[in-house]
1. First check a/c for region 109-192, with a ≥ b ≥ c the square roots of the eigenvalues of its C-alpha gyration tensor; if it is under 1.5, answer rounded, and if not, answer prolate when a/b is larger than b/c or oblate otherwise.
2. I'd like the orientation of helix 226-243 relative to the chain: the angle between its Cα long axis and the longest Cα principal axis, in ° from 0 to 90, rounded to 10.
3. Could you work out which residue, out of 116, 21, 129, moves most in a Gaussian network model of the chain, that is, has the largest mean-square fluctuation with Cα springs under 10 Å?
4. Only counting other Cβ atoms within 10 Å, I'd like 226, 171, 100 sorted with the fewest neighbours first.
5. Once a ≥ b ≥ c are taken as the square roots of the eigenvalues of the Cα gyration tensor of region 77-233, is the result rounded (a/c under 1.5), prolate (a/b larger than b/c) or oblate (a/b not larger than b/c)?
6. Of the candidates 291, 178, 359, which one comes out as most mobile in a Gaussian network treatment of the chain with C-alpha springs shorter than 10 Å?
7. Looking at region 160-297 from every direction and averaging, what is the projected area of its Cα convex hull in nm²?
8. Rank 126, 67, 288 by mean-square fluctuation in a GNM of the chain with C-alpha springs under 10 angstrom and give only the top-ranked residue.
């Protein structure tokens, strides 16, 4: 290792350490409102109770209490799938104070793994890792994820893991990547969108793997928890109605005595409300501002139309050749995944935007000669994080820049890929 690389890796270590110290302050001072909801949901699933409609009563144990839940609301705020709740069960068995710290550490592992995983297939690896960590670990979006205890670092890590397996020299790499991607659909249904480019490019090993992974998930995640999946579906419908104002929560006047200290923690309801971060809202929210209520069918039709508008020029230029650039293919898959978030029902939080680190990694590591995608990405990241100052429509402009950067990256890259380089 050269002296220059040594200094870069020292800088990387300092970046991680400083960011981690800042995030520990959020971890200790705030309760991780979304993390608490998810951990209680995992415990409810294990107990055979509804993770989505359970309402705590004073006779119930405190470890099943989410004190952020409105007792007059039909649902309890849990929006993740039973599959993710099942994966969280080992962590949910600990006391919440330890869970809070443990999840912060895991989020760092997920996001650093995602960055190193993508950068490991590019030239100048250490430099790319430095800039990617600086962009991600000191952003308002990242701190928002840590403070809320959100799951989007996990999704980003899974996306990068699929990418790494696909690009590895392992035998049956495309098949294994497809299996993992098929399993991920159960963890977050929007992962189904990443399969579209691989299906249209007739990557049969990926297709076989994704089918095998999805079917495996039926036996692991679905059949043993069928009632929970039915409740999940009902809860999602309720959130959709709530988002467009068709459901109103009326106060019942019922009062519960909430313990001030729960599992040794007294700040579960404490959260930050002034993070300067954001992006696009979803289409349902935009339409409701004009008094238009979009149904789930209309949202799906709009999403399909948008995909067609992207795919037509894409295949006119590149066709369906098996030798198509892998980075283009994954950027297209990632773009479809991010666009699908704009057509979901319910609300879309600013913490979702941490997933853009995967797209940013591809742009930073693999942009060659033409830097328009990189410039758009930098402008987008600044706007989404409230930089350099706050102005009207800033967050919307920010994510539009990111979407434009992804499209520019896809269409400016050469169709024939270079051989990926292993990490030095």
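1. Note, shape of region 109-192 comes out oblate.
2. Once rounded, the angle reads 90 degrees.
3. 21
4. Details: 226 10, 171 7, 100 24.
Going from sparsest to densest Cβ surroundings: 171, 226, 100.
5. Working: a/c = 2.11, a/b = 1.02, b/c = 2.08.
Oblate shape, in that a/c is at least 1.5 and b/c is the bigger or equal ratio.
6. 291
7. For region 160-297, the mean projected area of the Cα convex hull comes to 14.5 nm².
8. For the chain, modelled as a Gaussian network with Cα springs under 10 Å, the answer is 288.
Read-outs throughout are calculated quantities, based only on the coordinates presented, and are distinct from any laboratory measurement. These figures come from a predicted structure and were not determined experimentally. Note: ideal-geometry Cβ built from the backbone for every residue, glycine included; neighbour counts use all protein chains shown.
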